[in-house]
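Read through the structure below, which is laid out as structure tokens, and then see the notes.
Coordinate-derived values only; no laboratory data. Nothing here was measured: the structure is a model prediction, and the numbers come from that model. Because the Cβ atoms are built from the backbone with ideal geometry, glycine has one as well, and the counts that use them run over all protein chains shown.
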Amino acid sequence: MPATVIGVGLIKVCNRPEGIFQFIYGSLWIIIFGYGARFLSLSSRIMANYFKQISNSTEEAGIVMGASWFRILKKIIVPLQGYGIVAAWLISFMFCVGELGTTILVYPPGHETLPITLFTVMVNSPANIVSALSLIIVGITLLPLGIFLAATRYFLTMDAKGSRVLR
């Protein structure tokens with residue numbers, strides 16, 4: 001869905017003179033809801049593909065053993081889908097860091113995000129400041145990816161057969 005449609009929809013729902021949504025409209029929560037509405041479908045499709053890889057027999061084994069749904073989720077599904085959860089979060093995070101369309105429509109005064117600051121600075125500042133802010137955004141975007149890759153390299157090692165195993 002386009003960012004403008006989501007932004008206008010959030011304004012229509014949350015910009016009411018009375019009600020619970022007025023708190024949301026005047027805080028950073030509206031930006032978080034906008035990001036969720038914009039990128040939740042992307043991360044859910046990524047997770048759906050990872051969940052297809054789990055055999056139903058693993059969950060059925062937990063049911064046969066008498067485990068509750070939350071215990072099956074905690075002990076079987078989440079450990080098997082750790083990489084899927086991290087991948088969905090990383091991709092959503094990368095899109096959220098650079099999101100300008102939804103944010104520019106709904107952000108409350110005084111709560112500018114880095115892309116909005118960069119957009120504002122691009123008009124009035126010299127090129128070196130714009131370049132520095134752009135590099136900061138790129139660094140913020142790539143930092144979680146680097147941490148994830150370093151952690152997987154640390155926690156996973158190769159065994160004698162050439163397959164990856166946990167340390």
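Here r is the Cβ-Cβ distance between Ala61 and Leu143 and R0 is 35 Å; the resulting FRET efficiency, rounded to 0.05, is 0.35. Over every Cα atom in the stretch 67-106, the radius of gyration and the widest Cα-Cα span, Dmax, amount to 15.7, 47 Å. Positive end of the charge dipole of the stretch 14-167 (Lys, Arg +1 and Asp, Glu -1 on Cβ, about the Cα centre): tell me which of Gly84, Phe119, Leu143 has its Cα farthest that way. Highest projection toward the positive end goes to Gly84. Considering only Trp89, Trp29, Trp69, the mean-square fluctuation computed in a Gaussian network model of the chain, springs between alpha carbons under 10 angstrom, is largest for Trp69. Summed over all non-identical Cα pairs, the Kirkwood treatment of the chain gives a radius of 19.3 Å.
The calculated FRET efficiency for the pair Asn128 and Gln53, based on their C-beta separation and a Förster distance of 41 Å, comes to about 0.30. Taking Pro144, Pro17, Pro108 in turn, the Gaussian network model of the chain (Cα-Cα springs below 10 Å) assigns the largest fluctuation to Pro17. If you build a Gaussian network model of the chain, linking Cα atoms that sit under 10 Å apart, which residue out of Thr113, Thr58, Thr103 swings the most? Of Thr113, Thr58, Thr103, the most mobile in the Gaussian network model is Thr58.
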